Amino acid sequence: MPYTKILSRSPYILSTGELTDLSYSILVLTLNGASSPTFTITKNAYQFKDSSNVDKGFNSFDISDLLRDYVETTYNGTLPTLPALAQFTYNLLNFSTTAQLPAQQTGTVRVLDGYTEFQNGLNYSLPVNQVMLSCSELWMPIGAETSIYFNDANNDIQEFKVSNVDTKVDVNGTDIRINRIQECKYPHNKITFINKWGVLQDLWFFKKRVDKTTTVNSNFQSSVLNLLQNTPSYSTTSHYKKTYNFVGNQSMTLSTGLVGECYNPYVQELLMSESLWLTYELEITPIVMTSREIQKKTSLNDYLVEYSFDFEVSNQLINNIR
């Protein structure tokens, strides 16, 4: 079955085009394998008269936000063989006030949790033979493995495994250089995130890590005076100012070390990613990036390319899950 792959963080609009006597349209969206429609949307047409005074109408539906809710990417320490996606069929029916019009659109879309850029235009779909990586170099520790995803000639997403000794790989006809970094002083920090193509990507930070804990709380002044005795008194070891409702947050600053200009698109996508996981000494922690801007570095302007970013653990220090 032919289908289109869409990146659901950007609009994907189905349009009826200009139709004579169009009164309303019905869009039926069905999740793959479902026995009944997932969404049935009825929408009145935008009606007008053309230059020949003929009644016309058109309609449009942005389906991205609806379908994106069915794509859930998780990470448990191992990159999946296939990325998270959802498959839907759609049927766009058009009606006049009295009958169904012959104009009808049907199709199948596969939905990824990625995004397009302004230069890609509207309704950009993932091309065939597309490597789902925004540059042709990676920086990895010696002995580390990862996966690179690509959309093959049959419009199917495949996984290419980078072994722990590879220094150059051919991914569907595209050469990817693997720069192996031997860092003797600092432990490696690996961030796994959803890149612009909607697939998981590993990114390493090789240098210094600085951890921080911040707290906020509430307080009040209590009475320590004891009046239930003949001689009133108070304890000098009781807390006159009492604190409560502590909230602790953990954060860290990570440094990439010296890398190359190919890190520029990677850190930009890291900045735009909604889901990040930190792997440090085999422990996986969901994190949020708190840095809000990057100044892209080049060997021409800066000579050395190195980045430092701030992150925050997504959960509080005190377990408050109830």
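Laid out as a table, the results:
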quantity	calculated
Matching residues, the range 51-68, being farther than 11 Å from L19 by Cα and part of a loop (DSSP other than H, G, I, E, B)	S51, S52, N53, I63
Scan of the range 69-112 for residues that are surrounded by fewer than 19 Cβ atoms within 10 Å (Cβ to Cβ) and of a type in the set (D, E, K, R), ordered by number	D69, E72
Subset of the range 8-30 (residues that are touching a helix residue (DSSP H, G or I) at 6+ places or on another chain (Cβ under 8 Å) and either not in a loop (DSSP other than H, G, I, E, B) or not polar (S, T, N, Q) (or both))	R9, P11, Y12, L29
Test: residue in the range 31-42 that is outside any loop (DSSP other than H, G, I, E, B) and either assigned by TED's automatic domain parsing to the domain that holds N151 or touching a residue at least 40 places away in the same chain (Cβ under 8 Å) (or both)	yes
Check on S163, among the hydroxyl-bearing types (S, T, Y), touching a strand residue (DSSP E or B) at 6+ places or on another chain (Cβ under 6 Å) and under 30 Å from R209 (Cα atoms)	no
Residue in the range 1-56 that is modelled with the highest pLDDT, counting only those that are more than 30 Å from P83 (Cβ to Cβ), surrounded by 13 or more Cβ atoms within 10 Å (Cβ to Cβ) and of a type in the set (K, R)	K43
Answer from Q130, Q104 - the residue that is more than 26 Å from V169 (Cα to Cα) and among the polar types (S, T, N, Q)	Q104
Residues satisfying the stated conditions in the range 82-96, i.e. over 19 Å from N123 (Cβ atoms) and either under 18 Å from the mean Cα position of the chain (by Cα) or at pLDDT below 90 (or both)	L82, P83, A84
Elements of type strands (runs of 3 or more DSSP E) in the range 144-228, at least 1 residues being of a type in the set (D, E, K, R) and either free of Cβ contacts under 8 Å to residues at least 60 places away in the same chain or buried (at least 17 other Cβ atoms within 10 Å of the Cβ) (or both)	157-162, 168-171, 174-181, 189-194, 200-205, 209-221
Output for the range 99-119, where each listed residue is touching a residue at least 24 places away in the same chain (Cβ under 8 Å) and over 17 Å from the mean Cα position of the chain (by Cα)	L101, A103, Q105, G107, T108, V109
When residues of the range 50-77 are limited to those that are touching an Asp or Glu at 6+ places or on another chain (Cβ under 6 Å) and free of Cβ contacts under 8 Å to residues at least 60 places away in the same chain, the one farthest from P11 (Cα to Cα)	D55
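Yes/no matrix, rows are residues, columns are (1) hydroxyl-bearing (S, T, Y); (2) in a loop (DSSP other than H, G, I, E, B):
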residue: T236; (1), (2): yes, yes
residue: Y266; (1), (2): yes, no
residue: L271; (1), (2): no, no
residue: V288; (1), (2): no, no
residue: D302; (1), (2): no, yes
residue: R322; (1), (2): no, yes
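The values are calculated or read from the model by the stated rules, or taken from the named source; none is laboratory data. Keep in mind that this is a model prediction, so the values were computed, not measured. So basically every Cβ, Gly included, is an ideal-geometry build from the backbone, and we count neighbours across all protein chains shown.
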